[in-house]
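K.L.:
Got a structure here, written out as structure tokens. Questions coming.
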Amino acid sequence: MKRFLSFILLFASLSAMAQQVIDTHAHMIPQSYLDCLTKHDALLDEDFPIPHWNIDEHLRFMDEAVIACSILTLPAPQPWFEDNEESARLIRQVNEEMAAVKAEHKGRFLFCAALPLPDVDAAIREAIYALDTLHADGVKLASNSRGLYLVILLLTH
């Protein structure tokens, strides 16, 4: 019986070590994004304040919560203020910042690239760049850009 209990305890211990918690909904909020929202008086566009964020606090939280990996995305609101070039530049910068965090903290972070919607051509270019060059782990499709909602049409033959 003693061996059986020892085996169960060993198995439970190994199982706990093998399991990893992955945070699939984590936002990176870089200063470049906050600066853009401030410039356009859009910090409260989602009706609540955007929280303070920094990498050290995020890592500390992950360690305290025993989170092995966080998947980073850009939060709402989508940074588009009727200027496609400004949006594309900011989104590129944010994606490069997320890629740098992923590279600097190997295994702790993945990221889904932001897209400069509603400019579909720029969004396609950014998705290709983010996936092929920055090695993004996916793309985040915002449900709306400043009130323009994503509509997906499913066509069947």
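K.L.:
Can you tell me which residues in region 85-120 are under 12 Å from Met28 (Cβ atoms) and in contact with a Cys (Cβ under 7 Å, 6 or more places away or on another chain)?
P.N.:
Phe109, Leu110
K.L.:
Which pairs turn up if I take residues in region 117-134 that are polar (S, T, N, Q) and look for partners that are in a helix (DSSP H, G or I) with beta carbon separation below 6 Å, at least 6 apart in sequence or on another chain?
P.N.:
That search, which allows pairs on different chains as well, returns nothing.
K.L.:
A further question follows. Quick check on my filter: what residues within region 53-71 are touching a Ser or Thr at 6+ places or on another chain (Cβ under 8 Å) and under 18 Å from Leu34 (Cα atoms)? Write out each step before concluding.
P.N.:
Here is the first cut: in region 53-71, the residues touching a Ser or Thr at 6+ places or on another chain (Cβ under 8 Å) are 58, 62, 71.
Selection gives His58 alone.
K.L.:
Output yes when any residue across region 102-112 is at positive phi and under 15 Å from the mean Cα position of the chain (by Cα), and no when none is.
P.N.:
Filtering region 102-112 for residues at positive phi gives 107.
Retained after the next criterion (residues that are under 15 Å from the mean Cα position of the chain (by Cα)): 107.
Yes, region 102-112 has at least one match.
K.L.:
For region 49-86, which positions are within 14 Å of the chain's Cα centre (by Cα) and not hydrophobic (A, V, I, L, M, F, W, C)? Explain how you work it out, then say what you get.
P.N.:
Residues of region 49-86 within 14 Å of the chain's Cα centre (by Cα): 53-55, 58, 69-78.
Those that are within 14 Å of the chain's Cα centre (by Cα) and not hydrophobic (A, V, I, L, M, F, W, C): Asn54, His58, Ser70, Thr73, Pro75, Pro77, Gln78.
Every read-out reported here was derived from the displayed coordinates using simple, explicitly stated rules and does not represent laboratory data. Quick caveat, the model's predicted, so the values are computed rather than measured. Backbone-built Cβ (ideal geometry, glycine too); neighbour counts: all protein chains shown.
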